[in-house]
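Everything below concerns the one structure shown next.
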Amino acid sequence: MATVIDNIGLLVTNRPEMGEGALGLLRDVSVVIANGEVVSVDGVGQVADERIDAQGRCVLPGFVASHTHLVFAGDRAEEFSKRMAGQPYDGGGIQVTTTATRAASDDDLRALSKARLEEAHRAGTTTIEIKSGYGLNVKDEARSLRLAQEITSETTFLGAHLLPSEYAGRADDYIDLVCGDMLTAARPHARWIDAFCEVGAFDEGQCRQVLTAGREAGLGLRLHGNQLGHGPGVQLAVEMGCASVDHCTYLSDEDIEALAASDTVATFLPATDFSTRQPYPDARRVIDAGASVAIASNCNPGSSYTTSLSFCIALAVRDMHMTIEEAIQAVTLGGAAALRRDDVGYLAPGAKGHLVILDADSYHDLAYRPGVPLIAQTVT
Ligand code: NIG
């Protein structure tokens, strides 16, 4: 089965050796996909079972959303509204979503997650990571991961998201549970393990215990760090060899140096800083220091209820001083690096045939025309 995407005015390959500039731009080409893989980006003489006419518009690699929390029930619109009236975000509302998620049936949770996945897909996301973290007991963490696994292979066990109310005052006991029975139940459904390293969530020692247990169980490591203030998250993530440390809103010079000297990706979640009225991370300094960066949506009901990576690109360019090209790379190649994937995030022979056709001649419009639905078609 071969598909040809014909009549592409501007193609972002993300392979500088194949075209112009850092994005490896090609003009007036066709992409051929066979058995789910890109086989050529010139398309010459190819017989196709299916033809898609890009109408001279711009085509990019599909977006890689490397940090989401799609499996949840209920919403927190009231919390958001209070926040806009001045109440600060502290992550405590995770308990509200946990109560709603535990009460939902499998069928309801499945339908809610699938609807959010489809929304993300329509907005250009073709690879998605999904965390648990709204179950916070053995049964519901395993269930969230099982449901996530039905829709993505990039599943992350986040039992150490918040101390559930039934463990109040017994954080170390809860961490023992996370590293014991909960990890055992989660393991068959997870590729990654994560923890929320922050005042009000878990401290450095507790997060180190979780990451160590996860590594021993064969999971890849990621960490939430430096979201609400300066803290040990980035240094811990680098020390433990995490694939990614996510948020990075508050970074010291030492944090930036450590990131630059490591292969841990700094994943920015600008829609979170937007929705929680936090400052934006100093992406310019992180990039100029030589660290690898990604941008993800962090879709969740508390701190970032959006699936739109176009919105994140616009924020990164306007408020984090990233160039448009850097922001495009951060939601494609950057997300792929954060998930340690070498088959997505670019368009060249061997890559997955995942791409986005824009309703625009250039990728610039993703930052230049914020809020406009510019994804004409997502191909997977
Ligand atoms: O990445 N920081 C922790 N977890 C989520 C927020 C979850 C929530 O508030 O429900 C985040 O922002």
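The values are calculated or read from the model by the stated rules, or taken from the named source; none is laboratory data. All of these numbers come straight from a predicted model, not from anything done at the bench. Neighbour counts run over all protein chains shown; Cβ positions are idealised from the backbone, glycine included. The protein model used for the area step is the full one, side chains on, heavy atoms only, and it has no ligands, DNA or RNA in it. Shrake-Rupley method; radii C 1.70, N 1.55, O 1.52, S 1.80 Å.
Observations
- Only Cα pairs under 8 Å and 6+ residues apart enter the sum, and on that basis the relative contact order of segment 63-338 stands at 19 percent.
- Prolate/oblate/rounded label for segment 228-309 (Cα gyration tensor, a/c 1.5): prolate
- Reachable lysines, given that their alpha-carbon falls under 25 Å from the alpha-carbon of Lys139 and they are not under 8 places away in the same chain: Lys114, Lys131
- FRET efficiency, 1/(1 + (r/R0)^6) with R0 45 Å, evaluated for Asp342 and Asp49 via beta carbons: 0.95
- As a fraction of the 1.4 Å probe accessible area of segment 46-134, surface on carbon and sulfur atoms comes out at 51 percent.
- Rounded to the nearest whole Hz, the Karplus-based 3J(HN,Hα) values (6.51 cos²θ - 1.76 cosθ + 1.60, θ = phi - 60°) of segment 60-68 follow the sequence 10, x, x, 6, 10, 8, 8, 8, 9, with x at glycine and proline.
- Global size of the chain: 20.3, 68 Å for Rg and Dmax (C-alpha atoms, Rg to one decimal, Dmax whole).
- Each of Val372 and Asp172 was given a label point 7 Å from its Cα along the Cα-to-Cβ line. The distance between the two points is 5.9 nm.
- Residues Glu239, Glu118, Glu78 ordered from highest to lowest accessible area at a 1.4 Å probe: Glu78, Glu239, Glu118.
- Scanning residues 5 or more positions from Gly159 or on other chains, those with amide H under 5 Å from its amide H are Asp194, with H placed 1.01 Å from N in the peptide plane.
- Helix-only mean residue ellipticity at 222 nm for the chain, each DSSP H run of n ≥ 4 adding -39500 (n - 2.57), per residue, nearest 500: -9000 deg cm²/dmol
- Angle between the chain longest axis and helix 138-149 axis [Cα atoms, degrees, rounded to 10]: 0 degrees
- Heavy atoms of Met322 accessible to a 1.4 Å probe, total area in Å² rounded to 10: 10 Å²
- Amide H contacts under 5 Å for Leu221: Ile193, Ala243, restricted to partners 5 or more places along the chain or on a different chain, H placed in the peptide plane at 1.01 Å from N.
- As a rough guide to protection, the peptides 345-352, 5-12, 369-376 ranked by mean Cβ packing within 10 Å, highest first, stand as 5-12, 345-352, 369-376.
- Fraction of antiparallel bridges per DSSP, the chain only, in percent to nearest 5: 40 percent
- Per-residue 3J(HN,Hα) values for segment 216-228, derived from phi via the Karplus relation 6.51 cos²θ - 1.76 cosθ + 1.60 with θ = phi - 60°, read 4, 7, x, 8, x, 10, 9, 8, 8, x, 6, 8, 9 Hz in sequence order (x marks Gly and Pro).
- Rounded to whole Å, sorted largest first: equivalent-ellipsoid semi-axes of segment 251-380, Cα gyration tensor: 23, 19, 13
- Spin-label model, Ala77/Asp263: points 7 Å from Cα along the beta carbon direction are separated by 4.6 nm.
- Among 355-365, 186-196, the order from most to least packed when residues are scored by Cβ within 10 Å on average: 186-196, 355-365
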